[in-house]
Amino acid sequence: MASLSVSVGCLETAPAPVAVAIETPDPNAPPTPSLRHSVSEWLSNNQQLAATAQHEQHVSQQVRQEGRTLRNETHCKTVWDEGDTSRRLSDRIWDVSRWRNVLEICAQKVDEEMEALTLSKERSELALAATSVPLEVTNECLTLREGRRGYELVSDPVEAQLKQEVELIEGVQQRLQRSVHQAFEQLGILQEVRHQLTSDLQNKMEALDIDTSCLSLTIKSPSVSLKTNPTRIPSGSSSPQEWAQFSQYNVARAHEAVLVSQQMRENMSLSRAQVQNELEAQRRATEFALRKRKHHEEQARDELQWQIKTTEDEMAAMEGDIRGLDADLQAKTASLKLAHTRLEARTRRSGTDLCRDEVQHGLVAEVQQLEATIQALKQKLSDAQLSLQKMTLHHGRMCQDLSRKQEALSLEERSMQCRTRITSQSSSDRTAVPLVPLVNSSGRSNLQLLAQ
């Protein structure tokens, strides 16, 4: 078949010079004679085809023999390489599994220490909260007393005692705040260590899953395919030494952070036992000043209420007189209207009957008398109203001052009521908060971490 295809090729390429035959011939023209070869050319072509066939057959046999040899060699090499790769994958899986177990144990120890330190920090925060309530109450009392107005806004002993109490509480809070802040920073370090351990552990678990999956692959696996540039070195690759040193550093750092945290918890236990009994004397002094100030304000309020009562009685009497004057003024005004109406009606008389008679003189005299009376009543009514207005203004000032005194007294009562929160909290603290033992509260003083 190969010789036949070669012969056909030679025969097809030989008459290439007569390719002009593709032009459309004239149907009326006479036929052109075909190109003819000699017998020697025919024999030469047959010999050439046979020689070429024999050469190609020899080359094919040689290529087939080399291909069989190459297949045998590459099969052995491939089987060996696959077995060696599987062994190396098994060894790598064992190493990654060992470090995964080490990191899991270390992460568990860090979690336990974080829990213990968080509990110790919460206890210190509770002790700090026990002092924040008196501070809040004291500041609230100062704020309430700032609501006093007028002459009630005075700098009294109560204000001095409250400010002194604020300074005392703030000094106590600073000591507890420092310990809480240190615990917060140490928790941040532990969280950072835990995050690093978790990240390393997650990477190793992912690598373990990938290597296990690679170990289970065969040439018949459905996911096997050719990839683009699989021999490339990914960015961020590390050496085996760097890989092991990274995990060793994470474990050693976690061990150190746990030891520091244990010492810190012991120090915090000592601090919590020193902040519960320093405010009692100041609280009593402040409350005594509040009770004394309240008594003085009640006396001033009662005196002012009596003055307001007598003023209101006088104002009520004055209002009665004003109503009487106003009624008389209204009555005189009605009489004046009558006289005016009569005079106006008499101006409509005609002729000589428009006479200035005794009736006319009497009506004029009556109008004059009524106008003088009305004027006197208006003056007296104005004086009475002015007096009532002055008493009303003074009554308003007294009521305003009474309102301020009542507000100030109400603020003092609210301050005393607000301070009951301190007393109730002090009682609950004494009954519910036990003394902190001066020992390691975690119960794990010999915590050991595996660092290999």
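The values are calculated or read from the model by the stated rules, or taken from the named source; none is laboratory data. Small disclaimer: the values here were computed from a predicted structure and weren't measured. FYI the Cβ positions are ideal-geometry reconstructions off the backbone, even for glycines, and counts take in every protein chain you see. We work out accessible area using only protein heavy atoms, side chains counted, and drop any ligands, DNA or RNA first. Shrake-Rupley method; radii C 1.70, N 1.55, O 1.52, S 1.80 Å.
For segment 312-352, the alpha-carbon coordinates run over 63, 9, 7 Å along the three principal axes, in decreasing order.
The radius of gyration of the Cα set in segment 175-276, together with its Dmax, comes out at 22.6, 75 angstrom.
Rg of the Cα atoms in segment 62-111, relative to 2.2 N^0.38 Å, amounts to 2.21.
Annotation: lysines with alpha-carbon distance below 23 angstrom to residue 380 (same-chain offsets under eight excluded): 332, 337, 390.
Quantify how much of the Cα-Cα distance distribution of segment 137-197 extends past 12 Å, in percent. It would help to have the intermediate numbers written out before the result.
Details: 1381 of 1830 pairs.
The calculated P(r) of segment 137-197 puts 75 percent of pairs beyond 12 Å.
Return one whole number: the accessible area per residue of segment 189-303 in Å², for a 1.4 Å probe. List each step's numbers first, then the result.
Working: 7720 Å² over 115 residues.
Roughly 67 Å² per residue, with all protein chains present.
Each part reduced to its alpha carbon centroid, segment 43-110 and segment 266-280 end up 75 Å apart. Computed over all pairs of different Cα atoms, the Kirkwood value for the hydrodynamic radius of segment 241-400 is 25.8 Å.
Rounded to the nearest whole angstrom, the semi-axes of the ellipsoid equivalent to segment 179-238, taken from the Cα gyration tensor as √(5λ), stand at 41, 14, 7, largest first.
If R₀ is 35 angstrom, what is the calculated FRET efficiency for the pair residue 375 and residue 314, using the beta carbon separation as r and rounding to 0.05? Could you put the intermediate results ahead of the total?
Values: r = 27 Å, r/R0 = 0.77.
Efficiency for this residue pair is about 0.85.
List the relative contact order of the chain as a percent without decimals, with contacts defined as Cα pairs under 8 Å and 6+ residues apart.
Reported relative contact order: 27 percent.
Value of Rg to Rh for the chain, rounded to two decimals, is 1.58; Kirkwood radius and Rg both from alpha-carbon coordinates. Note on segment 86-161: along the principal axes its Cα atoms extend 95, 19, 12 Å, ordered by decreasing extent.
For segment 30-147, report the % of Cα-Cα distances exceeding 25 Å. All intermediate terms of the calculation are to be shown ahead of the outcome.
Numbers: 5180 of 6903 pairs.
Result: 75 percent of Cα pairs exceed 25 Å.
Computing FRET efficiency as 1/(1 + (r/R0)^6) for residue 295 and residue 140, where r is the C-beta to C-beta distance and R0 is 30 Å, gives about 0.85. Post the alpha-carbon centroid distance, segment 329-387 to segment 123-162, in whole angstrom. Cα centroid of segment 329-387 versus Cα centroid of segment 123-162: 72 Å apart.
The trypsin sites (Lys or Arg not before Pro) found in segment 200-252 that occupy coil by DSSP, while having at most 12 further C-beta atoms within 10 Å, are 220, 227, 232.
Mean Kyte-Doolittle of at least -1.0 plus a Cα span of 27 Å or more along the axis: flag which DSSP H helices in the chain meet both, please.
On the way: long enough: 39-145 (138 Å, -0.73); 157-216 (86 Å, -0.45); 240-272 (48 Å, -0.75); 280-346 (96 Å, -1.13); 358-418 (86 Å, -0.54).
Span-like helices in the chain: 39-145, 157-216, 240-272, 358-418.
Taking 0.36 nm per residue of sequence separation and removing the Cα-Cα distance, the residue 267/residue 97 pair yields an extension gain of 57.4 nm.
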